[in-house]
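Here the structure comes first, spelled out in structure tokens, and everything after it is commentary.
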Amino acid sequence: MRRPGITIVGSGFAGLCMAIKLKEAGYHDFVILEKSADLGGAWRDNTYPGCACDVPSPLYSFSFELNPGWSRLFSPQPEIWDYMRACVDKYGITPHIRYGTEVSAFEFDDDRAIWRVSTSGGESFQTHAVVSGIGALHVPSIPDIPGRERFTGTAFHSAQWDHSCDLTGKRVAVIGTGASAVQFVPVVAEQAGRLQVFQRTPPWIHPKPDVAIPERMRRALRMPGAARTLRGLVYWLLETRAMGYTIDPRLMKVHQRVAERHLAKQVPDPGLRARLTPDYTIGCKRILLSSDYYPTLTRDNVELVTDRITEIGERSIVDAAGREHEVDVIIYGTGFKVLDALDGRRIVGRNGLTLQDAWSGGMEAYLGVSTSGFPNLFFMLGPNTNLAHTSVVFMIESQVRYVVDCLRLLSRTKARALDVRPEVQRAYNDRLQRRLERLVWTEGGCTSLYLDENGKNRSFWPGFSFEYWARTLRVKPEAYELIGTSPARG
Ligand code: NAP
């Protein structure tokens, strides 16, 4: 491959936003490497029935590309995927995308201050900067339950939905009750002869205020300023939800009451209700939105199983109470390997330092974007930039603007690379962790993937989203070491 100035990895929301904004800023020399045959990241992979956004679409979209045509407040997956494709066409990104190209390694050449990128197809090329738009939701997590390999029925993960499998009349088991499962369980229950939902930890669930957006309203949203006003309203409404997350877990009580009322209203049976009531503070795990999940669990052909799974047999699942449940199909709604999404790639920074070694005490970055020892490697939705209360597309846009500002700093100073100073990264993360220690993800009494093995939160931003926006508005040059201000060799 010709040597691209900037290499973007992944064509989900993050990769596409980076590409669009690079072009807008006058950087045309970039490539997007996409491991699959199509674009879209999580919105390409997750095609399970019922898949939709749980953040209102006016906000779960680019601020510079508002879509007055959403059919619902919470758009279904095909519409979001279409939106992404439309953005690619409109902004002329297609010629930059290399499909079927999986990155296996990035290695920094200290002498030339340049990255060498290797792909699993055996290609290798140099590039000045790398933007990782890899995201956290692309490695399906399938639990290692004893006997899993012996199962002779059909089994698949929610992110690898087997559309050739007809569930009509079948005995189906769903393992997991997270954000994906609550969306597909109601659809599966309509088809299956019998459905058993294996729950390890009950989620807190709020009603989903989803509505169809009628054509009349869509026309109105095409009027100047209308779509932007709606976006602003949704933004500030969701931002008020941040209080309990960012200030004090006790403020989550109001959200917990909404969830308790929702459960009480939808599940009249006190026994079932007790098994569906979480024992941790709401918000410690993601708050799910659904108005049809609880009613589904009260159907005659559906059973909630709360005894732990001990074994999978050739055609059954055995639980800790000793019951053997005969099943034809197992659907794993068991989520993703969030904290090791980058594993399996060789990422080597300055002086031979691998990212695995740099992050052996826990992954961390400055503003979630730059990690010391890895110059010109920029993470999108990197450590501690996930959000629980609003749209991550907002974070992506802040990060993209920040990266463009970093590139401008390089142009201005004629430096070849910038590397965040270790003491800056340390101070930033110490402050961040002090804030996170007393927040609901740590204090809420649940186990979650958001915490690493030392109990440190490596996933969430502890503040309001506008605080992150403000902090990423301008690069502070003093936070970075500028490398190679003299002309480069090679
Ligand atoms: P998830 O939220 O991580 O849920 C995984 C579920 O599987 C949990 O109920 C978990 O139980 C269970 N589980 C995991 N390992 C298990 C085991 N060994 N035995 C029994 N149960 C097990 O995964 P997800 O539902 O796929 O969602 C992943 C992420 O995707 C979400 O956090 C969200 O960010 C995103 N998502 C977003 C949307 C959207 O609309 N924007 C929609 C769907 C998903 P425990 O709770 O006990 O661990």
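The values are calculated or read from the model by the stated rules, or taken from the named source; none is laboratory data. Source: prediction; values computed, not measured. We place every Cβ from the backbone using ideal geometry, glycine too, and count neighbours over all the protein chains shown. Just so you know, the surface numbers come from the protein's heavy atoms only, side chains and all, with ligands and any DNA or RNA stripped out. Shrake-Rupley method; radii C 1.70, N 1.55, O 1.52, S 1.80 Å.
Going toward the positive end of the dipole of segment 437-481, with +1 on Lys and Arg Cβ and -1 on Asp and Glu Cβ, which of Val440, Ser465, Asn454 do you reach last?
Final value for the positive-end residue is Ser465.
Using a Förster radius of 30 Å, what is the FRET efficiency between Ser71 and Asp162 based on their Cβ-Cβ separation? Nearest 0.05, please.
Working: r = 27 Å, r/R0 = 0.89.
Step by step, r from the Cβ atoms, then E = 0.65.
Give the average over all directions of the projected area of the C-alpha convex hull of segment 26-157, one decimal, in nm². Write out the running numbers ahead of the final one.
Details: hull surface 48.3 nm².
For the Cα atoms of segment 26-157, the hull's average projected area reads 12.1 nm².
Mind ordering 286-294, 114-122, 363-371 by average Cβ neighbours within 10 Å, highest first? Each step should come with its number before you reach the end.
Details: 286-294: 20.0, 114-122: 16.9, 363-371: 24.6.
Per-residue mean Cβ counts within 10 Å order the peptides as 363-371, 286-294, 114-122.
Using the Karplus equation 6.51 cos²θ - 1.76 cosθ + 1.60 (θ = phi - 60°), what ³J(HN,Hα) coupling, rounded to whole Hz, does each residue of segment 61-75 give in order, writing x for Gly and Pro?
Whole-Hz 3J(HN,Hα) from phi for segment 61-75: 6, 6, 5, 8, 9, 5, 10, x, x, 3, 7, 9, 5, 10, 5.
Considering only protein heavy atoms, what per residue accessible area in square angstrom results for the chain with a 1.4 angstrom probe? Intermediate values should be presented prior to the final figure.
On the way: 20860 Å² over 490 residues.
Spelled out: the 1.4 Å probe surface of the chain, per residue, equals 43 Å².
Which value in nm describes the separation of the simple spin-label points at Asp357 and Asp307, placed 7 Å from the Cα toward the beta carbon?
In this crude spin-label approximation the distance works out to 5.0 nm.
Explain nothing, just the number: relative contact order of the chain, from Cα pairs under 8 Å at least 6 residues apart, as a whole percent.
Numbers: 951 pairs, mean separation 99.7, N = 490.
Dividing the mean separation by the residue count of the chain yields 20 percent.
What size of dipole, in debye to the nearest 20, comes out for segment 66-170 about its Cα centre when the only charges are +1 on Lys and Arg C-beta atoms and -1 on Asp and Glu C-beta atoms? Write out the running numbers ahead of the final one.
Numbers: 9 positive and 13 negative charges, 75 e Å.
Computed about the Cα centre, the dipole is about 360 debye.
Quote the accessible area belonging to Val258 in square angstrom, nearest 10, computed with a 1.4 Å probe and with ligands, DNA and RNA left uncounted.
Approximately 50 Å² of Val258 is accessible to the 1.4 Å probe.
Give a residue-ordered list of calculated ³J(HN,Hα) values for segment 244-251 (Karplus: 6.51 cos²θ - 1.76 cosθ + 1.60, θ = phi - 60°; whole Hz; x for Gly, Pro).
Couplings: x, 7, 9, 9, 7, x, 4, 6 Hz.
Kindly write out, for segment 3-15 in residue order, the coupling ³J(HN,Hα) from the Karplus curve 6.51 cos²θ - 1.76 cosθ + 1.60 (θ = phi - 60°), rounded to whole Hz, with x marking Gly and Pro.
In residue order, the calculated couplings are 6, x, x, 10, 10, 9, 10, x, 10, x, 3, 5, x Hz.
Looking only at Cβ-Cβ distances, which cysteines of the chain have no other cysteine closer than 4.7 Å?
So, Cys17, Cys51, Cys53, Cys87, Cys165, Cys406.
With every protein chain left in place, what is the accessible area of Met380 in Å² (1.4 Å probe, nearest 10)?
Surface open to solvent at Met380 totals about 10 Å².
Pairing the Cα long axis of helix 253-266 with the longest principal axis of the chain, what angle in degrees results, from 0 to 90 and rounded to the nearest 10?
Rounded to the nearest ten degrees, it is 40.
Along the charge dipole of segment 355-438, which of Pro383, Val369, Leu410 sits closest to the positive end, that is, farthest toward it, with unit charges on the beta carbon of Lys, Arg, Asp and Glu (+1, +1, -1, -1)?
Leu410
Suppose every K and R has +1 on its Cβ and every D and E has -1 on its Cβ; what is the size of the dipole of segment 286-356 about the Cα centre, in Debye to the nearest 20?
Numbers: 9 positive and 12 negative charges, 159 e Å.
It comes to approximately 760 debye.
Largest first, what is the accessible-area ranking of Cys446, Cys284 with a 1.4 Å probe?
The most accessible residue leads, giving Cys446, Cys284.
Over segment 1-104, what is the relative contact order in percent, taking alpha-carbon pairs closer than 8 angstrom and at least six residues apart? Each step should come with its number before you reach the end.
On the way: 126 pairs, mean separation 37.2, N = 104.
Averaging sequence separation for qualifying contacts and normalising by length gives 36 percent for segment 1-104.
May I ask which of Lys170/Lys208; Lys21/Lys476; Lys21/Lys285; Lys285/Lys337; Lys337/Lys476; Lys21/Lys456 have a Cα-Cα span longer than 22 Å here? Don't skip to the answer; put the middle values down first.
Working: Lys170/Lys208 29 Å; Lys21/Lys476 20 Å; Lys21/Lys285 33 Å; Lys285/Lys337 15 Å; Lys337/Lys476 33 Å; Lys21/Lys456 33 Å.
Too far apart for the 22 Å limit: Lys170/Lys208; Lys21/Lys285; Lys337/Lys476; Lys21/Lys456.
Please list, ordered by chain and number, the residues whose modelled amide H lies under 5 Å from the amide H of Thr310; skip anything fewer than 5 residues away on the same chain.
The list, which skips near neighbours in sequence, is Val318, Asp319, Ala320.
For Asp430 and Thr240, what does the FRET efficiency come to when R0 = 30 Å and r is the distance between their Cβ atoms, rounded to the nearest 0.05? Spell out each step's value before the answer.
Numbers: r = 29 Å, r/R0 = 0.96.
So the FRET efficiency works out to roughly 0.55.
Using just the helices of the chain, give the 222 nm mean residue ellipticity in deg cm²/dmol: DSSP H runs with n ≥ 4 each add -39,500 (n - 2.57), and the total is spread over all residues, rounded to 500.
Numbers: 15 runs with 144 residues, N = 490.
Result for the chain, helices only: -8500 deg cm²/dmol.
What size of dipole, in debye to the nearest 20, comes out for the chain about its Cα centre when the only charges are +1 on Lys and Arg C-beta atoms and -1 on Asp and Glu C-beta atoms?
Details: 60 positive and 54 negative charges, 329 e Å.
Rounded to the nearest 20 debye, it is 1580 debye.
Could you work out Rg/(2.2 N^0.38 Å) for the chain, with Rg from alpha carbons only? Could you put the intermediate results ahead of the total?
Working: Rg = 23.3 Å, N = 490, 2.2 N^0.38 = 23.2 Å.
Normalised Rg, Cα atoms only: 1.01.
When the solvent-accessible surface of protein heavy atoms is calculated with a 1.4 angstrom probe, in what order do Trp461, Trp236, Trp359 fall, highest first? List each step's numbers first, then the result.
On the way: Trp461 5, Trp236 140, Trp359 40 Å².
Per-residue accessible area, sorted high to low, gives Trp236, Trp359, Trp461.
Met223 to Glu190: extension gain in nm, 0.36 nm per residue of separation minus the Cα-Cα distance? Walk me through the numbers on the way to the answer.
Numbers: separation 33, 0.36 × 33 = 11.88 nm, distance 4.01 nm.
Contour length minus Cα-Cα distance gives 7.9 nm.
If you find the alpha carbon centre of segment 371-429 and of segment 456-483, how far apart are they in angstrom?
7 Å
Sorted by accessible area (1.4 Å probe), largest first, how do Asp319, Asp54, Asp357 line up?
Numbers: Asp319 5, Asp54 35, Asp357 95 Å².
If we order Asp319, Asp54, Asp357 from most to least accessible, we get Asp357, Asp54, Asp319.
Which one of Ala264, Ser291, Val254 is farthest out on the positive end of the charge dipole of segment 249-297, using unit charges on Cβ (Lys, Arg +1; Asp, Glu -1) and the Cα centre as origin?
Value: Val254.
Over segment 207-363, what is the relative contact order in whole percent, taking alpha-carbon pairs under 8 Å and six or more residues apart?
Numbers: 78 pairs, mean separation 19.8, N = 157.
The normalised contact order for segment 207-363 reaches 13 percent.
Gap in Å between the Cα centre of segment 262-315 and the Cα centre of segment 171-222?
Segment 171-222 and segment 262-315 have Cα centres spaced 13 Å from each other.
Per the 1.4 Å probe, what fraction of the accessible area of the chain, in percent, lies on carbon and sulfur atoms? List each step's numbers first, then the result.
Details: 10860 of 20860 Å².
Ligands and nucleic acids excluded, carbon and sulfur reach 52 percent.
Which aspartates and glutamates have a Cα lying under 17 Å from the Cα of Lys35, excluding residues fewer than 8 positions away in the same chain?
Cα-Cα hits under 17 Å: Asp45, Glu102, Glu123, Asp343.
So how much slack lies between Arg273 and Glu260, counting 0.36 nm per residue of separation and subtracting their Cα-Cα distance, in nm? Present the calculation step by step, with values, prior to reporting the outcome.
Values: separation 13, 0.36 × 13 = 4.68 nm, distance 0.97 nm.
Between Arg273 and Glu260, full extension yields 3.7 nm more.
Across the Cα atoms of segment 319-391, what radius of gyration and what greatest pairwise Cα-Cα distance (Dmax) are found, in Å?
In order Rg, Dmax, the Cα atoms of segment 319-391 give 18.8, 56 Å.
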